[in-house]
Amino acid sequence: MHNHFNGLKTAALFGAIFSLLLLVGYGIGGARYLWLFALFGVATTAYTYWNSDKLAIKAMRAVPADPQQFPQMYRIVQELSQRANQPMPRLYVSPTAAPNAFATGRNPEHAAVCCTEGILQLLDERELRGVLGHELMHVYNRDILTGSVAGAIAGVVSSVASMALWFGGRDRNPIAAIAVALLAPFAAMIIQMAISRTREYDADEDGARLTGDPLALASALRKLELGVQRAPLEPTPQLQNASHMMIANPFSARDMSKLFSTHPPMADRIARLEGMVGGYHQR
């Protein structure tokens, strides 16, 4: 895969979120316990990464896709994975009317791509090919690892920060402990969402290059934006943890600040894809 302009940005954001974890740990326990919080973060990240496919598939109640029942989906993924010279992931279908799709798994050899029944009914074959190209590039660019690490560290920051209220120690400033408990999770969430947005832009571009048809994905995104508004998912804790993997924000159509969204604005994504047709794509 080509080198991404967003790669440096993603690395910088990871540095920021991990530094935040260490800072919170230092604020609670001092330098003596700093390594414990780092170890806790690594262990949590490893567990989430290794089990990412099982967690996401379970959250969406997805079942293995029958090749006889979903031949179009199988045919497209087989063709695109061969074109990319990469392994073909396992395919799943989620029995929900909300139109969406996501990729998950710890690496290309242990990956899965899932479509909802809603998206299979909503999109035509060309648009579905654009969506599946996007999801395959999440797999081949190892964005599942990126998202798992970011989500796990953000979760650890939130958990550790809440401990500041109870285990700050007598020599700690109680006002500072409260500030850490409130602001650190907020900062971690913003960084995690920024990481997710950079990976969505790259999956859009790489998926469009894989299919050779950026306008197909642009058309699909337009339909998905309206489709999600008509049939949003209930924001349960399990789905909230998996929502950053999906091609479209699966929740309500309420206007949200760009700062607090795991997905870039659809209009921006569509404009970038349309810009690729003329051979120019602004980063």
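All of the numbers you see were taken from the coordinates with simple rules; none came from a lab. This is a predicted model, so every value here is computed, not measured.
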Inset, instruction - Find how much the distance from Ala46 to Arg209 grows on full extension, using 0.36 nm per residue of separation minus their present alpha carbon separation; answer in nm with one decimal. - result: 55.6 nm
Inset, instruction - Averaging sequence separations of C-alpha pairs under 8 Å and six or more residues apart, then dividing by the length of segment 53-137, give the relative contact order as a whole percent. - result: 30
Inset, instruction - Calculate, axis by axis, the spread of Cα positions in segment 186-246 along the three principal axes, and write the results as whole Å, longest axis first. - result: 38, 28, 15
